[in-house]
Amino acid sequence: MVTPALDALAADSLFLDKNYVQQAICAVSRTSILTGRRPDSTQVWDLHSYWRDLGHNYTTIPEHFKNHGYESIGMGKIFHPGSSSGTDSAAANASLARNSSACPPNRCGPCSDDQLFSWSRPFFHSPNQEGNPAGGYGDPGGKAWSAVNAEDAKNLSDAQIAQHAVDTLQQLKQTNLDKPFFLAVGFHRPHLPFIVPQAKLDLYPLDEIQLPAYQTPPVGMPQIAWSNSGELVAYSDVKLLRNGSAFSPGDVLPPQKVKELRRGYYAAVSHMDDQIGIVMASLKETGYADNTIVSFWGDHGWQLGEHGEWCKHTNFELATRAPMMIKVPGVTDVRARARAGTRVGPLRTSAFTEHVDLFSTLSELAMGVSVPQCPAGPTQLTTALCTMGKSLVPLLNRQLAAAAATVATTLATSNSSAALLSTNDDVDVSYNASYMQYPREAQMMQRSTCLDKPCVMGYSIVTRIQSRNTADAGAGAAAGIAREYRYTEWVAFNTKSHRAPDFESSVGAELYDHTADVGENTNLCGPAAVCNPADGLRATVDLLRQALRQGPLTGGGWGPWATTQ
């Protein structure tokens with residue numbers, strides 16, 4: 001894809017290639033990253049619930065910085081706007097009563113975007129918002145994609161958000177703000193609908209767009225793992241092709257429509273990239289670039305017809321993996337590393353990291369303030385400030401040290417390959433796995449079934465295992481070689497214990513060998529409710545099952561139930 005601004009940012013950042021979200025859907029993922037908690041701790045599994053209304057008055061990243069003297073400013077899509085971040089909220093109403101203040105006007109509803117807690121100023125939403133399947137600005141007929149001319153492109157929501165970010169930075173400079181600022185700028189694209197400038201579509205000729213290599217579900221996939229792509233079917237052009245029906249496993253769109261949608265996504269990414277470039281240029285122009293940490297993240301991955309899946313709503317790699325970047329001026333940028341005599345190639349790591357790691361990382365980098373780990377058990381529900389993630393500062397230091405060591409070794413030997421780190425050296429023991437989950441229920445726009453009634457929850461772990469012998473290594477593998485796996489168990493939830501899984505009541509299981517099958521085309525567990533792999537993989541599955549059910553070893557595990565399993 002054509003992304004010059006992101007490419008430039010990546011060159012100056014720690015690039016977290018193996019970074020994962022906690023649940024592949026907007027509101028849940030954003031609640032998770034902004035509070036540093038996993039979904040079983042926020043108990044937000046849907047697009048409706050607000051964590052504070054569930055009795056969990058958790059501190060957010062912008063609130064944390066505000067509490068430490070920062071001017072906290074937000075715009076665009078940061079929290080998921082609406083009920084999931086405070087509109088019509090009992091917690092917000094209680095705060096209003098205590099503080100005798102009113103929420104400022106907000107197009108997404110009063111007190112949306114955690115306004116009363118996270119921000120020093122009124123939260124900004126763009127006047128225009130193309131995004132309603134029923135139609136809206138720049139969205140004729142509610143289609144999944146469309147193009148606008150250059151003049152209309154200036155009024156697209158992300159362009160308005162970028163301009164507001166520029167105006168804000170200039171205003172901060174002109175008023176000579178006497179304290180540091182936390183500025184959150186959230187763009188909507190490349191979310192559906194793909195409403196983009198025609199010039200961005202022109203970057204990707206339709207006849208050059210490739211179809212997905214595999215448009216059929218993974219062999220042996222349990223039915224429970226499937227998402228019916230209902231989000232895409234809500235758009236009029238796809239609804240017409242589908243006769244209003246959601247997708248079943250094996251259903252595919254016509255090749256022309258698949259290519260159109262993939263092209264629209266690519267163009268949306270390039271349009272968003274332009275906005276990143278505008279904000280970064282303003283950061284430099286105002287003089288803030290030299291003392292402002294920049295983090296870049298998205299709330300989930302995206303499926304573009306692979307396995308016949310669209311959007312997110314699954315535990316597959318393409319839905320849950322969302323690379324993240326962190327730029328620290330004077331540390332990660334190319335110029336600083338060149339001055340220090342270290343390798344100036346990308347600081348790219350394949351260590352396993354997660355969205356919940358960002359909270360403590362930003363706090364430590366910007367303020368030198370450590371965020372405590374969440375306690376195990378139910379007390380985490382009443383602990384306002386803690387994180388279930390881990391600081392990435394040690395990983396950053398390791399990458400910088402490796403870059404310096406590489407240069408030193410290269411200068412000392414004629415064999416440059418001796419300076420290269422092996423893949424395993426890139427993985428610290430603290431960054432050896434990522435965890436994610438997804439509930440299976442009919443309606444995500446309402447209060448989650450999993451809060452009060454039985455449902456099914458899928459828990460996944462992605463990690464590497466180094467086999468001790470050939471028998472345990474899997475087909476075609478050699479002993480001593482680290483192999484990457486994704487292992488998932490779909491289990492009953494809210495049946496045995498309140499808001500907790502029952503791992504002994506399995507609905508389906510999945511095992512994908514990423515080393516041999518990066519596309520996750522074959523489920524090595526088979527379609528049975530309990531994983532039943534070939535003999536050579538049984539020891540591997542035993543290790544993965546134990547690691548999955550045990551969950552993260554720090555920060556309170558999966559959630560408050562973790563100590564009861």
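The values are calculated or read from the model by the stated rules, or taken from the named source; none is laboratory data. This one's a predicted model, so the numbers in the text were calculated from it and none came from an experiment. Neighbour counts run over all protein chains shown; Cβ positions are idealised from the backbone, glycine included.
A residue that is modelled with pLDDT of 95 or more and either more than 28 Å from Ala322 (Cα to Cα) or not in a helix (DSSP H, G or I) (or both) occurs nowhere in region 409-424. With respect to (1) at pLDDT below 95; (2) over 21 Å from the mean Cα position of the chain (by Cα), the lone exception for Ser370 is condition (1).
Might you let me know whether region 50-63 holds any residue that is outside the structural domain of Asp502 (by TED's automatic domain parsing) and in contact with a Pro (Cβ under 6 Å, 6 or more places away or on another chain)? There is no residue in region 50-63 that is outside the structural domain of Asp502 (by TED's automatic domain parsing) and in contact with a Pro (Cβ under 6 Å, 6 or more places away or on another chain).
Condition test on Trp51, is it in contact (Cβ under 8 Å) with a residue 24 or more places away in the chain, over 30 Å from Leu203 (Cα atoms) and not hydroxyl-bearing (Ser, Thr, Tyr)? Steps first, answer last, please.
Numbers: in contact (Cβ under 8 Å) with a residue 24 or more places away in the chain: no; over 30 Å from Leu203 (Cα atoms): yes; not hydroxyl-bearing (Ser, Thr, Tyr): yes.
Spelling it out, it is not the case that Trp51 is in contact (Cβ under 8 Å) with a residue 24 or more places away in the chain, over 30 Å from Leu203 (Cα atoms) and not hydroxyl-bearing (Ser, Thr, Tyr).
Considering Ser270, Ser245, the condition of being of a type in the set (Gly, Ala, Ser) and more than 24 Å from the chain's Cα centre (by Cα) is satisfied by Ser245 alone.
Quick grid of which residues meet (1) of a type in the set (S, T, N, Q); (2) more than 24 Å from Val518 (Cβ to Cβ); (3) modelled with pLDDT of 95 or more; (4) crowded, with 20+ Cβ neighbours inside 10 Å:
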| position | (1), (2), (3), (4) |
| --- | --- |
| His164 | no, yes, yes, no |
| Lys179 | no, yes, no, no |
| Leu201 | no, yes, yes, yes |
| Leu206 | no, yes, yes, no |
| Gln210 | yes, no, yes, no |
| Pro218 | no, no, yes, yes |
| Trp226 | no, no, yes, yes |
| Glu231 | no, yes, no, yes |
| Ala234 | no, yes, no, no |
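Restricting region 1-56 to residues that are closer than 21 Å to Tyr438 by Cα, part of a loop (DSSP other than H, G, I, E, B) and among the β-branched types (Val, Ile, Thr) leaves a set whose member that is farthest from the chain's Cα centre (by Cα) is Val44. Can you find a residue that is more than 21 Å from Asn19 (Cβ to Cβ) and not in a helix (DSSP H, G or I) anywhere in region 297-316? Checking region 297-316: at least one residue is more than 21 Å from Asn19 (Cβ to Cβ) and not in a helix (DSSP H, G or I). I'm checking my understanding of the structure. Among residues of region 75-111 that are surrounded by 19 or more Cβ atoms within 10 Å (Cβ to Cβ), out of contact with any Leu (no Cβ under 8 Å at 6 or more places or on another chain) and in a helix (DSSP H, G or I), which one is modelled with the lowest pLDDT? Here the answer is Ala91. Remark: pairs (first residue in region 132-153, over 20 Å from Trp310 (Cα atoms) and in the same structural domain as Val258 (by TED's automatic domain parsing); second residue at pLDDT below 55 and buried (at least 16 other Cβ atoms within 10 Å of the Cβ); Cβ separation under 8 Å; 6+ apart in sequence or on different chains) = Val148/Gly138; Asp152/Gly138.
Within region 192-211, the set of residues being touching a residue at least 60 places away in the same chain (Cβ under 8 Å) and under 13 Å from Leu156 (Cα atoms) comprises Pro193, Phe194, Ile195, Val196, Pro197. Only residues that are farther than 20 Å from Met221 by Cα and among the aliphatic types (A, V, I, L, M) were counted across region 511-565, and they come to 5.
The rows are residues; the columns are (1) closer than 28 Å to Ile61 by Cα; (2) outside any helix (DSSP H, G or I); (3) not hydrophobic (A, V, I, L, M, F, W, C).
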{"site": "Val238", "(1), (2), (3)": "no, no, no"}
{"site": "Leu241", "(1), (2), (3)": "no, no, no"}
{"site": "Phe247", "(1), (2), (3)": "no, yes, no"}
{"site": "Arg262", "(1), (2), (3)": "no, no, yes"}
{"site": "Gln275", "(1), (2), (3)": "yes, no, yes"}
{"site": "Ala281", "(1), (2), (3)": "yes, no, no"}
{"site": "Asp290", "(1), (2), (3)": "yes, no, yes"}
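Does Tyr265 meet the test of being assigned by TED's automatic domain parsing to the domain that holds Leu362 and over 24 Å from the mean Cα position of the chain (by Cα)? No; evaluated as a whole, the condition is false for this residue. Of the residues making up region 523-530, one or more are surrounded by fewer than 19 Cβ atoms within 10 Å (Cβ to Cβ) and within 21 Å of Cys450 (Cα to Cα).
Whether any residue in region 176-184 is more than 30 Å from Gly287 (Cα to Cα) and either within 26 Å of the chain's Cα centre (by Cα) or assigned by TED's automatic domain parsing to the domain that holds Pro81 (or both) is what I want to check.
no
Would you please name the residue that is surrounded by the fewest Cβ atoms within 10 Å (Cβ to Cβ), looking only at residues in region 531-546 that are within 29 Å of the chain's Cα centre (by Cα), closer than 19 Å to Ala482 by Cα and not hydroxyl-bearing (Ser, Thr, Tyr)? This residue is Gln546. Applying the condition of being assigned to a helix (DSSP H, G or I) and of a type outside the set (D, E, K, R) to region 57-74 and asking which residue is nearest to Val185 (Cα to Cα) yields Pro62.
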